[in-house]
Amino acid sequence: MKSLSEKILLSLLGGVAFGCSVTSKNQWYVIKTTAALWQDSDVKNIASGIRDLNRTKLIKRMKDKNGICTIELTNKGKLKALNYYFRNIKIKKEKWDGKWRILIFDVPERLRKGRNALRWEIKKLGFYELQKSVFVIPYECKEDIDFVVNFFELEKYVNYGVLESIDKDKQLREYFELN
């Protein structure tokens, strides 16, 4: 069960993800995921949860001249929310369709933190490192990868593709225990 703080941070992160979504399919995925956080939840304590997150500088509350309150994730809050999100990402290991998903990136040194976060996350997801910045997996995962790539603003440096064959097919099948 997620804590109230975790739900609030993930919901705010969902707003970021929704804004980064290019297709209606991705937007719908964000809405479903965010809405699912609040099922079976007691929302009475949201105000105190928001106060706590503001006090710990994970969010920033602002009121405009009309008294409308806006809540925004701070950089510290984004990292915390991403940590929550990444902890829950799991690639569905469905029946293999015979295709390889390949992720290739060449992220400049000035964006090292984003590059390292991407590399760490894709390794955690179970990708096989074919070369330094070339990773392969047999399962569909584009939505999860798009989320990470968009969040760190690495779109220009990352390519995702689907391969029908690859030279190291036998080695990869053994690694992923595919028959």
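So for the chain, taking the charge dipole from beta-carbon charges (+1 Lys/Arg, -1 Asp/Glu), which of 69, 98, 176 sits furthest toward the positive end?
The listed residue farthest towards the positive side: 69.
Output the pairs from 99/142; 60/156; 57/80; 7/80; 99/170; 7/142 with a Cα-Cα distance over 21 Å in this structure; if there are none, say none.
Where the Cα-Cα span goes over 21 Å, the pairs concerned are 60/156; 7/142.
Note the full-extension length gain between residue 124 and residue 24 as 0.36 nm times their separation in residues minus their Cα-Cα distance, in nm to one decimal.
Gain in length upon complete extension: 33.2 nm.
Which cross-chain or sequence-distant (5 or more) residues have an amide H under 5 Å from the amide H of residue 139, H modelled 1.01 Å from N in plane?
101
On a straight-distance basis, which aspartates and glutamates could pair with residue 124 in a cross-link, Cα separation under 13 angstrom, same-chain partners fewer than 8 positions away excluded?
Reachable aspartates and glutamates: 144.
One quarter of the convex hull surface, Cα atoms only: what value does that give for the stretch 4-88 in nm²?
With every direction weighted equally, the projected area is 6.4 nm².
Please give the calculated 222 nm ellipticity per residue for the chain, where each DSSP H segment of at least 4 residues contributes -39500 (n - 2.57) and the sum is spread over every residue; nearest 500 deg cm²/dmol?
Calculated from helices alone, the mean residue ellipticity at 222 nm is -15000 deg cm²/dmol.
What dipole magnitude, in Debye to the nearest 20, does the stretch 81-146 give about its Cα centre under +1 on Lys/Arg Cβ and -1 on Asp/Glu Cβ?
Charge dipole of the stretch 81-146: 240 debye, to the nearest 20.
Rg(Cα) of the stretch 100-175 divided by 2.2 N^0.38 Å?
Dividing the Cα Rg of the stretch 100-175 by 2.2 N^0.38 Å gives 1.06.
Assigning unit charges at the beta carbon (Lys, Arg +1; Asp, Glu -1) and nothing else, what dipole magnitude in debye, to the nearest 20, does the chain show about its Cα centre?
The dipole of the chain has a size of about 840 debye.
Would you mind counting up the charge near residue 160? Only other residues with Cβ under 11 Å from its Cβ, with Lys and Arg at +1 and Asp and Glu at -1.
Neighbourhood net charge equals -3.
For the chain, what class follows from the C-alpha gyration tensor (a ≥ b ≥ c being the square roots of its eigenvalues): rounded when a/c is under 1.5, otherwise prolate if a/b is larger than b/c, else oblate?
Taking the square roots of the gyration eigenvalues as a ≥ b ≥ c, the chain is prolate.
Coordinate-derived values only; no laboratory data. These numbers come from a predicted model, not from an experiment. Heads up, the Cβs are rebuilt from the backbone with ideal geometry, glycines too, and the neighbour counts pull from every protein chain shown.
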